[in-house]
Every structure is written in structure tokens, then in C-alpha cells.
Amino acid sequence: MDDFRIEPSPGSRDGIRVLKLIGPFTLKNVFEFQTAVREEGAPLTIVDLTAVPYMDSAALGSLLGLHVSCQRHGLRYALAGASDRLKTLFKVAGVDGLVVSCASVAEAEGKCVGQVGNSWQPAGRLLIGPVCADCQSARRIPSCPTAGLRPGLPRLMR
């Protein structure tokens, strides 16, 4: 039961790629997932989680890596079919409002296909790097417009 597989397939339309993950998604599978994500830069990547019974923090981190990579390169992604256990993990980790999540692959295709190439964004954005504790800007701390230059932690901005 510890077997993990990734089954890539085309979506229902051009420009959509579906990565169906099967089995427990853990640290030992993260590099395989990252390689699969990087192989083909489709405008929309849907990660099908219906057959993933659980994932660890390293796997969650790789999904957030997909989120950041898509933002940087102007691509889109969606997570489809997450179980209640995975949804709880997203909520406890504080990323449930950040990740693009849909009930099924079909819903993800319908929700996101018209948005490919547009300015559609998920509910929040993950800021990488130092964030000013006073003004919450992601600018470099020395150029912060506020008087107090206390560095804050990277955080989810809504």
C-alpha cells in the first residue's frame, strides 16, 4: 500500500495537463512529483488527489512550490479531489485559502479553463522573503516606508 505513482494525462482540452497521484504522498516521493511538474509546462496543471490517502509536510511543501512556480511563470494549477483528511491538513497548515482546490478534475477544468492566460488569482498570495512587520509590504526591509524597520516573517496575505 506504500506504492506511489504519478499518472500524467492530457486534460479534456488543449493546454491542460492532469497529474493523477496514487498512494501516500510523502518526502520520498517529492522529487518524483517535482520532476513530473517540470516536465511539460502546460498553461494549466491539475493535480488529482482523489487516490492520495495522506500526505506529509514535505509533500505539502512541494504543492506550495507548484503554487509559487505557477505564479512566477504565469501558469495556472488546481488541486482536485482532496479528501477530508487532506483538506484538514491544508486548513491546519493555514494554506486552505491559498491553494486552488476543486472537488473534481471536471470542476477544475471548468473553473480554470477560461482563466488560463488571464489575471485570475487564488484567494491569497504567498510572499516569499522578508516582510515588514509594520506595513506588511514585501519590499526590501531597508526601503520600507514606515518608521519601524522590524522584519516580520513571510506570511499569507489576503
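Each reported figure results from applying straightforward, stated rules to the coordinates on display, with no laboratory input. Note that the structure is predicted; figures quoted are calculated from it, not measured. All Cβ positions, glycine included, derive from the backbone under ideal geometry; neighbour counts span all protein chains shown.
Details
- Spacing of the two label points (7 Å from each Cα toward its C-beta) at LYS111 and LEU64, in nm: 2.0 nm
- Between ASP96 and GLU40, the FRET efficiency estimated from the beta carbon spacing at R0 = 30 angstrom works out to 0.60.
- Of the GluC sites (Glu not before Pro) in the stretch 14-76, the ones in a loop by DSSP (not H, G, I, E or B) with at most 13 other beta carbons within 10 Å are GLU40.
- Rounded, prolate or oblate (a/c below 1.5 giving rounded, otherwise prolate when a/b exceeds b/c) for the stretch 5-120 by Cα gyration tensor: rounded
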